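S.K.: What follows is a single structure, and I will ask about it in a moment.
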Amino acid sequence: MNNVSYELRDKDKATAIIEEAMKKAAKKITKGHVATYIPELGKVDPNQLGICVLPVEGEKICLGDYDKRFTIQSVSKIIMLIMALEICGIDRVTEIVGAEPSGEAFNSLVELDREDSRPYNPLINSGAIAVCGMLIDEISFQDMLRFTRKICCDEDIFMDRDVFESEMRTCSRNKSIAYLLESKNIIKSDVDDTLKFYTKCCSMSVTAESLAHMARVLANDGVSMVSKKRFMSSRTARIVKTLMLTCGMYDGSGTFAITVGIPSKSGVGGGLMSVSDKRAGIGVFSPALDSKGNSIAGVDLLGRIASKLRLNLFYDPEWTKDDHETVGKEIIQT
Ligand code: GLU
């Protein structure tokens with residue numbers, strides 16, 4: 001099998017597949033709920049669904065609410081990690097945060113109450129807040145915003161002050177995480193400044209298309225297809241993609257790896273960024289979430305197109321069939 005998705009090279013065929021999948025995925029919206037623990041997010045219209053697919057080779061496909069703005073939330077953890085790996089280096093990053101799936105909710109603090117423990121990984125709140133504590137000694141939020149605009153090819157990205165202030169008023173769990181990290185000497189900078197930086201990063205307003213641009217840079221080993229500029233080393237791109245596969249969908253990461261199979265990162269704003277390595281960058285937006293905090297229609301949509309467009313890591317030629325035959329006891333004779 002060719003490594004590159006054939007179907008994406010045929011824009012009309014790929015568009016028809018995605019349109020069909022969107023109709024089915026949209027039916028899931030009523031089964032989810034917009035996030036309300038950040039009150040401002042509770043005001044968002046749940047009935048939105050959009051996707052942007054940017055192939056490494058081929059034409060872009062944008063459908064539905066692909067240009068609607070929403071806050072990036074946890075997808076910004078990818079940018080924090082890229083910055084930390086590039087500016088501080090892998091040794092300093094691994095001193096403060098691990099690289100293992102957590103199996104706990106995104107805002108869990110259980111692992112932090114053990115002596116010697118560090119956050120499981122940089123893609124959950126505790127890990128990302130630890131990374132921010134390190135980053136604020138090196139960069140400002142304006143640096144972060146500038147980098148995000150460039151890697152997302154979107155100069156209109158701004159910090160949504162209403163969402164930022166709303167979250168700052170209600171982020172008791174994140175505050176607890178940050179103080180626990182300070183007590184363990186993982187955060188050495190000012191805790192309030194760390195939390196403000198983290199929350200501002202989460203409040204950047206993006207579109208599915210902006211996320212698809214960032215995803216395509218990762219799919220292309222750190223180099224932009226638009227400016228040909230290198231945004232990060234290929235090692236950083238590889239580490240980020242690996243963590244997206246194992247930890248990017250919180251405690252739903254394993255199931256998502258089986259049902260979708262594309263390294264992805266979700267955010268409670270309803271955004272999803274997926275990297276189909278060497279093939280495409282994908283951004284999805286649909287704000288109604290499942291119980292784990294992942295976009296319910298977004299995940300469904302990705303699951304429907306992953307195999308049909310050959311975007312997944314482990315291609316299974318029988319995936320699109322309804323009945324999956326097993327070899328059974330004959331396997332002993334093979
Ligand atoms: N700003 C959110 C928080 O810290 C991000 C969570 C998410 O998107 O999963 O709770």
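The values are calculated or read from the model by the stated rules, or taken from the named source; none is laboratory data. In this text the structure is predicted, and so the values were computed from the model without any measurement. FYI the Cβ positions are ideal-geometry reconstructions off the backbone, even for glycines, and counts take in every protein chain you see. These area figures cover heavy atoms from the full protein model, side chains too; ligands, DNA and RNA do not enter into them. Shrake-Rupley method; radii C 1.70, N 1.55, O 1.52, S 1.80 Å.
S.K.: Please specify each residue of the stretch 210-243 satisfying the condition of being more than 20 Å from Lys150 (Cβ to Cβ) and of a type outside the set (Lys, Arg).
M.R.: Ile239, Thr242, Leu243
S.K.: Could I ask something else about it? Filter the strands (runs of 3 or more DSSP E) completely within the stretch 251-295 down to those with at least 3 residues that are more than 14 Å from the ligand (Cβ to nearest atom) and buried (at least 21 other Cβ atoms within 10 Å of the Cβ).
M.R.: Working: elements: 264-266, 271-276, 280-285.
Passing ranges, in order: 271-276, 280-285.
S.K.: Among the residues of the stretch 186-200, is any basic (Lys, Arg), farther than 21 Å from Asn121 by Cβ, in contact with a strand residue (DSSP E or B) (Cβ under 8 Å, 6 or more places away or on another chain) and within 16 Å of the ligand (Cβ to nearest atom)?
M.R.: Here is the first cut: in the stretch 186-200, the ones basic (Lys, Arg) are 188, 196, 200.
Applying the additional criterion that residues be farther than 21 Å from Asn121 by Cβ yields 196, 200.
Subset that is in contact with a strand residue (DSSP E or B) (Cβ under 8 Å, 6 or more places away or on another chain): 200.
Cutting the leftovers down to within 16 Å of the ligand (Cβ to nearest atom) gives us 200.
There is at least one residue in the stretch 186-200 that is basic (Lys, Arg), farther than 21 Å from Asn121 by Cβ, in contact with a strand residue (DSSP E or B) (Cβ under 8 Å, 6 or more places away or on another chain) and within 16 Å of the ligand (Cβ to nearest atom).
S.K.: So which helices (runs of 4 or more DSSP H) are wholly in the stretch 134-241 and hold at least 2 residues that are surrounded by fewer than 19 Cβ atoms within 10 Å (Cβ to Cβ)?
M.R.: Details: elements: 141-151, 161-170, 172-183, 191-202, 208-219.
Of the helices (runs of 4 or more DSSP H) lying wholly inside the stretch 134-241, those with at least 2 residues that are surrounded by fewer than 19 Cβ atoms within 10 Å (Cβ to Cβ) span 141-151, 161-170, 172-183, 191-202.
S.K.: Quick check on my filter: what residues within the stretch 27-81 are within 13 Å of the ligand (Cβ to nearest atom), within 14 Å of Ala297 (Cβ to Cβ) and open to solvent by less than 20 Å² (accessible area, probe 1.4 Å)?
M.R.: Phe70, the sole residue that qualifies.
S.K.: Can we say Ile87 is surrounded by fewer than 18 Cβ atoms within 10 Å (Cβ to Cβ) and of a type in the set (A, V, I, L, M, F, W, C)? Step through it out loud before you land on a result.
M.R.: Values: surrounded by fewer than 18 Cβ atoms within 10 Å (Cβ to Cβ): yes; of a type in the set (A, V, I, L, M, F, W, C): yes.
Judged against the criteria, Ile87 is a match.
S.K.: A follow-up question, please. Within the stretch 57-89, can you find the residues that are more than 13 Å from Ile18 (Cβ to Cβ), at pLDDT 95 or above and not in a helix (DSSP H, G or I)?
M.R.: Asp65, Asp67, Lys68, Arg69, Phe70, Thr71, Ile72, Cys88, Gly89
S.K.: Sticking with this structure for a sec: Considering each of Leu245, Leu302, Leu195, Leu218 in turn, give the residue that is of a type outside the set (Val, Ile, Thr) and touching a Cys at 6+ places or on another chain (Cβ under 8 Å).
M.R.: On the way: Leu245 fails: touching a Cys at 6+ places or on another chain (Cβ under 8 Å); Leu302 fails: touching a Cys at 6+ places or on another chain (Cβ under 8 Å); Leu218 fails: touching a Cys at 6+ places or on another chain (Cβ under 8 Å).
Selected residue: Leu195, the only one of Leu245, Leu302, Leu195, Leu218 that is of a type outside the set (Val, Ile, Thr) and touching a Cys at 6+ places or on another chain (Cβ under 8 Å).
S.K.: Checking Val4 against (1) away from the ligand (no atom under 16 Å from the Cβ); (2) at pLDDT 95 or above; (3) farther than 24 Å from Pro122 by Cα, only one condition comes out false. Which one?
M.R.: So the condition that Val4 fails would be (2).
S.K.: For the stretch 283-296, what are the residues that are in contact with a Pro (Cβ under 9 Å, 6 or more places away or on another chain) and either small (Gly, Ala, Ser) or modelled with pLDDT under 95 (or both)?
M.R.: Ser286, Ala288, Ser295
S.K.: Could we say that Asp143 is within 22 Å of Phe285 (Cα to Cα) and more than 20 Å from the chain's Cα centre (by Cα) here?
M.R.: Judged against the criteria, Asp143 is not a match.
S.K.: State whether the residues of the stretch 84-107 include one that is touching a helix residue (DSSP H, G or I) at 6+ places or on another chain (Cβ under 8 Å), in contact (Cβ under 8 Å) with a residue 60 or more places away in the chain and among the polar types (S, T, N, Q).
M.R.: yes
S.K.: Next question. Within the stretch 90-118, track down each residue that is assigned to a helix (DSSP H, G or I), over 28 Å from Gly270 (Cβ atoms) and at pLDDT below 95.
M.R.: If the condition is that a residue be assigned to a helix (DSSP H, G or I), over 28 Å from Gly270 (Cβ atoms) and at pLDDT below 95, then Asp113 is the only one that fits.
S.K.: Can I ask one more? Quick one: would you say Leu245 is open to solvent by 10 Å² or more (accessible area, probe 1.4 Å) and either in contact with an Asp or Glu (Cβ under 8 Å, 6 or more places away or on another chain) or within 11 Å of the ligand (Cβ to nearest atom) (or both)? Even if it seems obvious, please write down each step before you answer.
M.R.: Values: open to solvent by 10 Å² or more (accessible area, probe 1.4 Å): yes; either in contact with an Asp or Glu (Cβ under 8 Å, 6 or more places away or on another chain) or within 11 Å of the ligand (Cβ to nearest atom) (or both): no.
No; evaluated as a whole, the condition is false for this residue.
S.K.: Then there is this: In the stretch 25-56, what residues are within 19 Å of the chain's Cα centre (by Cα), among the β-branched types (Val, Ile, Thr) and not in a loop (DSSP other than H, G, I, E, B)?
M.R.: Residues satisfying the conditions are Ile51, Val53.
S.K.: For a quick check of your reading of the model, give me the residue pairs whose first member lies in the stretch 36-49 and is among the small types (Gly, Ala, Ser), whose second is open to solvent by less than 40 Å² (accessible area, probe 1.4 Å), with beta-carbon atoms closer than 8 Å and at least 6 apart or on different chains.
M.R.: Cβ pairs passing all conditions: Gly42/Val34; Gly42/Ala35.
S.K.: If you don't mind, there's one more thing I want to ask. Do you know which residues across the stretch 86-103 are over 12 Å from Leu123 (Cα atoms) and of a type in the set (Asp, Glu)?
M.R.: Glu86, Asp91, Glu95
S.K.: Can you confirm whether Glu20 is open to solvent by 70 Å² or more (accessible area, probe 1.4 Å), under 22 Å from Gly298 (Cβ atoms), more than 16 Å from the ligand (Cβ to nearest atom) and not in a loop (DSSP other than H, G, I, E, B)?
M.R.: On the way: open to solvent by 70 Å² or more (accessible area, probe 1.4 Å): yes; under 22 Å from Gly298 (Cβ atoms): yes; more than 16 Å from the ligand (Cβ to nearest atom): yes; not in a loop (DSSP other than H, G, I, E, B): yes.
When the stated conditions are applied, Glu20 passes them.
S.K.: Also, quick follow-up: If Leu8 passes every condition in (1) in a strand (DSSP E or B); (2) closer than 19 Å to Arg310 by Cβ but one, which one does it miss?
M.R.: Every condition holds for Leu8 apart from (1).
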